[in-house]
1. Please go through region 181-194 and give me each residue that is in contact with a helix residue (DSSP H, G or I) (Cβ under 7 Å, 6 or more places away or on another chain) and surrounded by 16 or more Cβ atoms within 10 Å (Cβ to Cβ), ordered by number.
2. Among the candidates 41, 60, 56, single out the residue that is crowded, with 16+ Cβ neighbours inside 10 Å, out of contact with any helix residue (DSSP H, G or I) (no Cβ under 7 Å at 6 or more places or on another chain), more than 30 Å from residue 125 (Cα to Cα) and modelled with pLDDT under 95.
3. Any idea how many residues of region 90-115 are modelled with pLDDT of 95 or more, out of contact with any helix residue (DSSP H, G or I) (no Cβ under 7 Å at 6 or more places or on another chain) and over 19 Å from residue 148 (Cα atoms)?
């Protein structure tokens with residue numbers, strides 16, 4: 001397997017021939033549709049043929065030379081994801097995060113709208129991909145609601161109710177992980193938020209379920225802003241089994257994805 005950079009005059013047929021693979025497989029792997037136009041400088045994943053031999057003919061970058069350990073691949077999926085995209089993407093994933101479950105001020109779990117969740121879970125099982133339940137405090141307007149977070153983390157009884165409902169869902173539907181994605185947490189709730197994650201992790205770990213937290217990426221310890229001031233990175237790292245740094249937020253031209 002290697003990464004090849006398209007040069008002037010290259011075609012799907014020429015590259016596939018040099019790599020010893022079917023041109024249609026090369027186009028499919030890179031999601032290139034007819035009439036299979038390529039752009040100079042475009043990067044292609046070339047999976048066919050012997051890596052050393054094909055690499056010599058193509059002059060590509062051989063991935064096999066630099067991989068030194070396991071790679072965990074995760075992707076988000078909305079309930080309305082296209083069936084074909086879901087099937088093709090799951091082939092390359094370790095886990096898939098279903099976005100998202102919400103909750104009420106009373107601690108009642110709110111499932112994703114529609115029936116798409118079941119379709120994703122079914123495909124994940126078929127391809128041995130770990131399904132991840134993403135828990136968010138999304139309000140009726142579809143935005144992150146820090147007041148909803150405040151109600152939850154300041155009331156132990158509400159937390160216990162939500163954790164019980166989460167446990168029921170992950171057991172019934174076969175989730176292997178819960179990812180807590182709370183954003184714009186109020187500064188005064190930083191310790192309480194970490195405490196909630198710790199309680200959730202202790203319970204879920206008893207049944208073999210991992211708990212992770214999604215964190216906005218920081219550039220320094222002193223960085224200010226609503227995304228960061230209510231987040232104790234160290235405490236959350238200790239409270240959860242793992243963290244997801246949402247570095248994809250740096251790639252947006254306008255506002256961070258957390259606002260949408």
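1. Result: 182, 183, 184, 185, 186, 189, 192, 193, 194.
2. Going through 41, 60, 56 in turn, just one is crowded, with 16+ Cβ neighbours inside 10 Å, out of contact with any helix residue (DSSP H, G or I) (no Cβ under 7 Å at 6 or more places or on another chain), more than 30 Å from residue 125 (Cα to Cα) and modelled with pLDDT under 95: 60.
3. 4
Per-residue answers, yes or no, for (1) in a helix (DSSP H, G or I); (2) buried (at least 20 other Cβ atoms within 10 Å of the Cβ); (3) modelled with pLDDT of 95 or more:
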| site | (1), (2), (3) |
| --- | --- |
| 121 | yes, no, yes |
| 128 | no, no, yes |
| 158 | yes, no, yes |
| 179 | no, yes, yes |
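The values are calculated or read from the model by the stated rules, or taken from the named source; none is laboratory data. Computed from a prediction, not measured in an experiment: that's the story for all the values here. We place every Cβ from the backbone using ideal geometry, glycine too, and count neighbours over all the protein chains shown.
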